[in-house]
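Asker: Please read through the structure below; I'll follow up with questions.
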Amino acid sequence: MSESDPSRGREMSCLDVIAGYKTGGVITGDIMIDGFAKEDATWKAMNGYAEQQDILNPYMSVLETIKFTADCRLPSHVDKNAIINS
C-alpha cells in the first residue's frame, strides 16, 4: 500500500507510517499490531528500519551491516551476538 504525499511530491509507503518516519501530510486512525495499539518505544526497540534513500556501505556484507547497526543501536550491556544469531 502507498499513497501520494503532495507536500514531498513522491510516494510514501505504509511502512513509513508504521515505522514512524512519515513527516508530512496527515495521518488518521490507529496503528494496531496483533490487535494491540503500537507503542513507539517498544516498536523501536524491536525493529530496525532503513528508508529507501538511506545509504548503506556497499563494501560490507549483510551480516557486517547488521552487526554495525546493533553496535549503534543497542546498549553496551546487551549480548549483540546472541540477538543477531537468534
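The values are calculated or read from the model by the stated rules, or taken from the named source; none is laboratory data. What you are looking at is a predicted structure, and each value in this text was computed from that prediction instead of being measured. All Cβ positions, even for glycine, are placed from backbone atoms using ideal geometry, and neighbour counts span all protein chains on display. Note: areas computed on protein heavy atoms with side chains; ligands, DNA, RNA excluded. Shrake-Rupley method; radii C 1.70, N 1.55, O 1.52, S 1.80 Å.
Asker: Under 20 Å from the Cα of LYS67, which lysines turn up, not counting those fewer than eight places away in the same chain?
Answerer: Partners found: LYS44, LYS80.
Asker: Kindly list the residues of the stretch 72-86 that lie in the label zone of ALA45, defined by a backbone N under 18 Å from the point 7 Å along the Cα-to-C-beta vector.
Answerer: From the stretch 72-86, the list is 72-84.
Asker: Express in Å², to the nearest 10, the accessible area of PHE68 obtained by rolling a 1.4 Å probe over the protein heavy atoms while all chains stay in place.
Answerer: 120
Asker: Another question, if that's okay. Starting at the first residue of the stretch 24-35, write each ³J(HN,Hα) from the Karplus equation 6.51 cos²θ - 1.76 cosθ + 1.60 with θ = phi - 60°, in whole Hz, x for Gly and Pro.
Answerer: x, x, 10, 10, 10, x, 10, 9, 10, 10, 6, x
Asker: Which lysines have a Cα lying under 17 Å from the Cα of LYS38, excluding residues fewer than 8 positions away in the same chain?
Answerer: Candidates past the 8-residue exclusion: LYS22.
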